[in-house]
Amino acid sequence: RYILPDNRFDTLMGSNLGLSLLMDREGRMWIGTDRGAAVLHSNGTFERFFPDSGNPGGLSAGFVYDIFQDKSGKIWLATQNCLNNWNHSGSFTRYYPQTETPGIGTHNCIYRVLEDQDGQFWLGTKGGLVTLDPLLMYFTPVIHQPNDPNSIPNGAVHGIMQDQAGNLWFATNE
């Protein structure tokens, strides 16, 4: 348990808007906000990451919508403009989907990340669903097929989960 100074969350990051949480396998608590991210280490100290667009190793953007730890232990932060991989040294590597679906828009604003049972990454973005091959770091948008009643709808994907049978579920605007 950790008590923030003055019992106020906004003293931690200058914001009281918490967007995402993750307790990683090493026991660190990650907190994503609209102004960056913070990590509460097991020794009770905080490490803060604020957006730094001028620093290629800095956090890319302030809105941290999702924080995810993959099967290999890597920490990923989904932000309003790309996917950030934390390098354990306090820096990040940025991965930009750089894809756009006609009539929908960009896929760079990433809301959710899921690694399925086969190791494929699925990204819920403002522009729709995108897959990511984690070995090649290659992004592929999943395009709505109007003649297929089982096709994912156009628009944002806000949530992703996989059930025990291996089925993927997506929360969309439609």
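The values are calculated or read from the model by the stated rules, or taken from the named source; none is laboratory data. As the structure is a computational prediction, the values presented were derived from the model and not from experiment. As a convention, Cβ positions derive from the backbone with ideal geometry for all residues, glycine included, and neighbour counts pool all protein chains shown. To get the accessible areas, we keep the full protein, side chains included, count just its heavy atoms, and leave off ligands, DNA and RNA. Shrake-Rupley method; radii C 1.70, N 1.55, O 1.52, S 1.80 Å.
Observations on the model:
- Some residue of the range 133-143 being among the acidic types (Asp, Glu) and surrounded by 13 or more Cβ atoms within 10 Å (Cβ to Cβ): no
- Residue in the range 65-84 that is open to solvent by less than 20 Å² (accessible area, probe 1.4 Å), over 16 Å from the mean Cα position of the chain (by Cα) and either polar (S, T, N, Q) or under 21 Å from MET161 (Cα atoms) (or both) present: no
- ASN108 out of contact with any helix residue (DSSP H, G or I) (no Cβ under 7 Å at 6 or more places or on another chain), under 18 Å from SER20 (Cβ atoms) and modelled with pLDDT under 90: yes
- Count of the range 59-75 residues which are among the basic types (Lys, Arg) and in a strand (DSSP E or B): 0
- GLY90 vs. criteria open to solvent by less than 20 Å² (accessible area, probe 1.4 Å) and at pLDDT below 95: no
- Members of the range 24-60 found to be exposed (fewer than 14 other Cβ atoms within 10 Å of the Cβ) and among the β-branched types (Val, Ile, Thr), listed by number: THR45
- Top-ranked residue of the range 144-174 - restricted to ones that are within 18 Å of the chain's Cα centre (by Cα), of a type in the set (Val, Ile, Thr) and more than 18 Å from TYR96 (Cβ to Cβ), ranked as surrounded by the fewest Cβ atoms within 10 Å (Cβ to Cβ): THR172
- Within the range 111-133, none of the residues are aromatic (Phe, Trp, Tyr) and without any contact (Cβ under 8 Å) to a residue 12 or more places away in the chain.
- Qualifying residue in the range 41-56 (condition: within 17 Å of the chain's Cα centre (by Cα) and small (Gly, Ala, Ser)): no
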